[in-house]
Structures are given as C-alpha cells and as structure tokens.
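Written out below as structure tokens is the structure these notes cover.
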Amino acid sequence: MTRPLLAIGGHDPVHGAGITADLATWQAMGLAGSSVVTALTVQDSRGFSGVVPVDASLVRAALQAVLRDGEPAAVKIGMLGSIAVLREVQDFVAARACPVVLDPVLGASNGHASHDAGDAAWLEALQGLLQQVDVVTPNRPEALRLAALRMPQGVVLKGGHDTGESSIDEVTDGARRALLSVPRLPGSAHGSGCVFAAALAGMLAQGWSVFDAACEAKLRVTAGLAQARVVGPGRPNTNASAVAGSEHLPAFRWADDGFATRAAFAPLSGPLGFYAVLPDADWVERALAMGVRTLQLRLKAGSLPAAELNAQLRAAVQAARAVPGAQLFINDHWREALELGAYGVHLGQEDVAAADLDALQVAGLRLGVSSHTPLEMSRAHALRPSYIAIGPVYPTTLKAMAYEPVGLQRLAAWAARLQPTYPVVAIGGISLARAADVVACGVDSVAVVSALTQAQDPQAVADDFRATIPGWASGLRGPRRSRCG
C-alpha cells in the first residue's frame, strides 16, 4: 500500500490555498494525501479577512489519528494559526523520519496576520520548528523576516515577489546552490506558494533531491499560474492540475556554472526518426548504406590513441557529409567535432560545463543533451539545445547508470513537457519489440545501440525500426497524442 503524504495547514473556503490546494497538487501528481486542519480562515478571491486557530488538543488528536493508519511519506506544513498549534506540530515532526517541508505562512498578501501572536513571539516559536524540517520555502518578503533565524540546510527562496523579466528561485541543500528561472508572467494568483511546497514535498516523498523537486515544483507552479482559474472578481486560483508544456520549463543552472540561459542552438535540418548510436566509423558507413540518416558516433574517452581517435572521427564525418540528409552527432569529443566541421555533438550532463558552448553555437553545430531527471531536463533547457534525450527508458547493461529506468509513463509525461520546443529522443534498452510502445509515448525519435549493432541481420532491423516510426523518415510526422500510462 502506498503511504499518503500529510498536509498540515489552514482551510481555504475558495479552494485556492491551504490543505485543499495541497491535496489537489498531490492528486495531480498521482500521489495519495491526508490532511490535518490547523486553522479556519475567512477569505474569498478578493483577500483574507480572518483566521480562527483550531484547538491545539484537537490538532494533536488528529495527528495521532493519522499515524494509526501508518507513517506519512512526507509532511507539508503551511498555516499554523497559533503558537500552541505550532508546538504540537513541532513535536509531531520531530518524531518523524520522512521528509518535512515548511511553507512559512507569516501573513496574507493583504497584510492580515495568519496567526494569533505578535511577530516577535511567533518568530521565536518558529525557530524551534525550523530545526525539525528538511526544507523551508519562503518568498523574498518572508525571507527578510526570517533572516535572523537559523534555517535548515534545504532552502528554496522563491522569486515570485521580485520584479524583472524573470522569476528566479534560489535553491540550496547546504552544500550547493542553484538558480531556477522562468519568464515572469503578468499578474498573480492565489495559492502559488502552497502548490509549490506541496509539489516539492511530493517529489521528496518519491526520493528525488531538493534540486529535482524544486524543478518539478517550479514547472507545476508556472503552468498553474499560466492556467489560473477565475473564481470571483479578485485574484484567480493557481491551477494545481494545469498541463505543463515546454513554455513552462524552468532553466536550471548551478550557481558556479560557467553558462547562463542563452540563445537557441541551430535547429535540426530534418526529423530525427530512427537514431543509431554506433561504436566506430565503419558502423557509421554501414548504417548510412542501410538508409539510416540520424547517427551518433560514440567513442569512449581514452579508449583509442589520439591519432586513431582523430582518424575515426574524420572518417565518420566525411562519410556522413557525403550522404544527403545525414545528421551525424559526435558524442563528447566536441573539440574534434568543432575542428572537423561536424553536423553536431551530443553531450552528457557531466560534459556540459567543460564544453565551449559559445564556440559550438557560433560554428553552427547542432547540440543534443542527455537527461535523466527533472533537474537535468531543466539544465538542458538552459542550454537551448537542438534536441533533448531522455533515458534510460528500460534497464540496460551497456553503460553503468546512476538512474533507475524512466519507464513509459514517465517518458510520456516528460516528453510532453519538453515539446514542442525540443524534439525528444528516447534511449536505453529499446528493442524492436519495445519500439512501438516507446513511439506511442509521443517521442520524436528512438535511439538504439545494441539492437542494431548486435543484430544478426542489421539491415532488416534498421528497416523494421524505420517502419515502426511512420512518417519520420520522410519528414511527414504530424502531431500525435501519447498513448502511454
């Protein structure tokens, strides 16, 4: 049985914030939720006008009742209403081993207090709770009021209240710091902080890092603001079940990265379709003769002497250049690809920081980037590549992977959020028997390694793969809906 997450917070009559927003967010993520109400509020679309804290003994009893059905997968804390309730919640989370996220609701956007204590007393009481949580998610006005307090290692400083063309969040786990950026949307919506913190908790409950969790939360909130629901004459509600697309993707970069959001790399000259990842120049020539037009030469660093490596790369580039419509990507060896005037390069996440992206872009090379997680998709988005690969879709033994297989359901969801800005390549463990299911997830390309190079009849396999991807080889692919999941 899947353990539910637990929302601890206030009740919003217009369903825009508080525990109802938390539960709606988790439902949209396919996660089970439970809740304990700490305060009843008086509010509508025009604003917040009153709060009545729930009796602390009732909150204590409700929390213990939740435990009788099992430990929560994660806890998200919002409005608390009173110091007495805050202390009950502090004692409760101190005994938990699951991730705990605190959205420090210090007051309504109209300035109305969200609790029954003075500011100094509330902040003093809040210090104890801050030491029991894993991540705190203040906006910038809240962060200024919390500046004198000792924070947990995990902090997401939200930038929605800033000004400027971009909304930039700062994320830290105590060791590294990252920046998440999206174009700032006009206006505002009720409940965006609740949806963000709930999505963050939902990701932590599934074992993701705070950085991956923040990327997912930023994506969902951006989509929720863009598709906000009008409920009255005041502010709309953030849409917790909004459909996210590439226009909502946050651009991720580590604070010490040498690059920032940039102009887009050159677009592909044709559909990717069937994508063969090949071990040497001879295989590149063979695949081209089979009619394969999207190829990647993957030569492991250090596997060949420099002279032989250069000869392999040169032969592959020359062979592809002689075939109209061929799109050959060089894996990792970007310097040599640049010198040879190759069509494109493919980089893994670990190679991005070391590559001279400006030089590649100025030279007109296409760029493909691997991704395995929400963080890596957002980091790839900051580079504006020609395509983004997602994998491994299935288990694979050809390359040691630090990531579990993506699976079809997640592949479909992730592909949809990268499109239409980026063509999406699915890779990892894809056999001919699995290809149709992968194609049904709405991806733009299927990349294979051993399915071609270890086949008894490579020509037949190449033909069958190309037939499984109708319309792509001729550039006639039209919009399709995913049938995965």
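The values are calculated or read from the model by the stated rules, or taken from the named source; none is laboratory data. Worth saying up front: this structure is predicted, and the values here are computed from it rather than measured. Glycine gets a Cβ as well: all are built from the backbone with ideal geometry, and neighbour counts include every protein chain shown.
Counting only residues that are of a type in the set (A, V, I, L, M, F, W, C), surrounded by 20 or more Cβ atoms within 10 Å (Cβ to Cβ) and at pLDDT below 95, how many does segment 101-115 have?
1
Answer yes or no: is there a residue in segment 29-37 that is of a type in the set (Ser, Thr, Tyr), under 24 Å from Asn239 (Cβ atoms) and in the same structural domain as Val243 (by TED's automatic domain parsing).
Yes, the conditions are met somewhere in segment 29-37.
For Thr137, are the conditions met, namely being crowded, with 19+ Cβ neighbours inside 10 Å, among the polar types (S, T, N, Q) and out of contact with any Gly (no Cβ under 6 Å at 6 or more places or on another chain)?
yes
Scan segment 91-100 and give yes if some residue there is of a type in the set (D, E, K, R) and at pLDDT below 90, otherwise no. Show your work before the answer.
Quick first cut of segment 91-100, residues of a type in the set (D, E, K, R) only: 91, 96.
Cutting the leftovers down to at pLDDT below 90 gives us none.
No - not one qualifying residue is present in segment 91-100.
Just one of Gly118, Gly154 is small (Gly, Ala, Ser) and surrounded by fewer than 19 Cβ atoms within 10 Å (Cβ to Cβ); which is it?
Residue meeting the stated conditions: Gly118.
Hey, could you check segment 172-212 for residues that are aliphatic (A, V, I, L, M) and touching a Gly at 6+ places or on another chain (Cβ under 8 Å) and say which is farthest from Ile77 (Cα to Cα)?
Ala189
Specify which of the listed residues (Thr25, Thr41) is within 17 Å of Ala217 (Cα to Cα), surrounded by 15 or more Cβ atoms within 10 Å (Cβ to Cβ) and not small (Gly, Ala, Ser).
Thr25
(1) aliphatic (A, V, I, L, M); (2) part of a loop (DSSP other than H, G, I, E, B); (3) within 25 Å of Glu336 (Cβ to Cβ): which one isn't true of Leu295, the others all being true?
Checking Leu295 against (1) aliphatic (A, V, I, L, M); (2) part of a loop (DSSP other than H, G, I, E, B); (3) within 25 Å of Glu336 (Cβ to Cβ), the one that fails is (2).
Residues Val133, Val101, Val195: which one is assigned by TED's automatic domain parsing to the domain that holds Ala205, free of Cβ contacts under 8 Å to residues at least 60 places away in the same chain and among the β-branched types (Val, Ile, Thr)?
Val133
Kindly provide the set of residues from segment 225-241 that are surrounded by fewer than 20 Cβ atoms within 10 Å (Cβ to Cβ) and either of a type in the set (Ser, Thr, Tyr) or within 19 Å of the chain's Cα centre (by Cα) (or both), ordered by number.
Ala226, Gln227, Ser241 - these are the residues of segment 225-241 that are surrounded by fewer than 20 Cβ atoms within 10 Å (Cβ to Cβ) and either of a type in the set (Ser, Thr, Tyr) or within 19 Å of the chain's Cα centre (by Cα) (or both).
If you go through segment 207-227, how many residues are of a type in the set (Ser, Thr, Tyr) and touching a residue at least 60 places away in the same chain (Cβ under 8 Å)? Spell out how you get there, then give the answer.
Within segment 207-227, the first condition is being of a type in the set (Ser, Thr, Tyr), and the residues that meet it are 209, 222.
Narrowing further to those that are touching a residue at least 60 places away in the same chain (Cβ under 8 Å): 209.
Summing the residues that are of a type in the set (Ser, Thr, Tyr) and touching a residue at least 60 places away in the same chain (Cβ under 8 Å) in segment 207-227 gives 1.
Considering only residues that are more than 25 Å from the chain's Cα centre (by Cα) and hydrophobic (A, V, I, L, M, F, W, C), which ones fall in segment 354-368?
Within segment 354-368, Ala359, Leu360, Val362, Ala363, Leu365 meet the criteria.
Determine which single condition Ser192 fails, assuming it passes every other condition in (1) farther than 30 Å from Ala355 by Cβ; (2) surrounded by fewer than 19 Cβ atoms within 10 Å (Cβ to Cβ).
Of everything listed in (1) farther than 30 Å from Ala355 by Cβ; (2) surrounded by fewer than 19 Cβ atoms within 10 Å (Cβ to Cβ), Ser192 misses just condition (2).
Could you go through segment 462-480 and let me know if any residue there is outside the structural domain of Val243 (by TED's automatic domain parsing), modelled with pLDDT under 90 and of a type in the set (Lys, Arg).
For segment 462-480, residues outside the structural domain of Val243 (by TED's automatic domain parsing), modelled with pLDDT under 90 and of a type in the set (Lys, Arg): present.
Could you check Ile19 against (1) touching a Cys at 6+ places or on another chain (Cβ under 7 Å); (2) under 19 Å from Phe196 (Cβ atoms) and say which number it fails?
(1)
Assess whether Arg68 counts as being surrounded by fewer than 21 Cβ atoms within 10 Å (Cβ to Cβ), in contact (Cβ under 8 Å) with a residue 24 or more places away in the chain and over 24 Å from Ala242 (Cβ atoms). Even if it seems obvious, please write down each step before you answer.
On the way: surrounded by fewer than 21 Cβ atoms within 10 Å (Cβ to Cβ): yes; in contact (Cβ under 8 Å) with a residue 24 or more places away in the chain: no; over 24 Å from Ala242 (Cβ atoms): yes.
Against the criterion (surrounded by fewer than 21 Cβ atoms within 10 Å (Cβ to Cβ), in contact (Cβ under 8 Å) with a residue 24 or more places away in the chain and over 24 Å from Ala242 (Cβ atoms)), Arg68 does not qualify.
Pull up segment 137-173, narrow it to residues that are within 24 Å of the chain's Cα centre (by Cα) and among the basic types (Lys, Arg), then point me to the one that is farthest from Leu106 (Cα to Cα).
Restricting to residues being within 24 Å of the chain's Cα centre (by Cα) and among the basic types (Lys, Arg), the top hit is Lys158.
Taking segment 430-465 only, how many residues are farther than 24 Å from His381 by Cα, within 25 Å of the chain's Cα centre (by Cα) and crowded, with 22+ Cβ neighbours inside 10 Å?
Of the residues in segment 430-465, 1 are farther than 24 Å from His381 by Cα, within 25 Å of the chain's Cα centre (by Cα) and crowded, with 22+ Cβ neighbours inside 10 Å.
I need the full set of residues from segment 312-338 which are touching a residue at least 24 places away in the same chain (Cβ under 8 Å) and assigned to a helix (DSSP H, G or I), in order please.
Filtering segment 312-338 for residues touching a residue at least 24 places away in the same chain (Cβ under 8 Å) gives 312-317, 319-320, 323, 325-334, 336-338.
Listed by number, the residues that qualify are Gln312, Leu313, Arg314, Ala315, Ala316, Val317, Ala319, Ala320, Trp334, Glu336, Ala337, Leu338.
From the list Val156, Val182, exactly one residue is within 25 Å of Tyr403 (Cα to Cα), in a strand (DSSP E or B) and β-branched (Val, Ile, Thr). Which is it?
Exactly one of Val156, Val182 is within 25 Å of Tyr403 (Cα to Cα), in a strand (DSSP E or B) and β-branched (Val, Ile, Thr), namely Val156.
Assess whether Ala201 counts as being surrounded by 24 or more Cβ atoms within 10 Å (Cβ to Cβ) and out of contact with any Lys or Arg (no Cβ under 7 Å at 6 or more places or on another chain).
no
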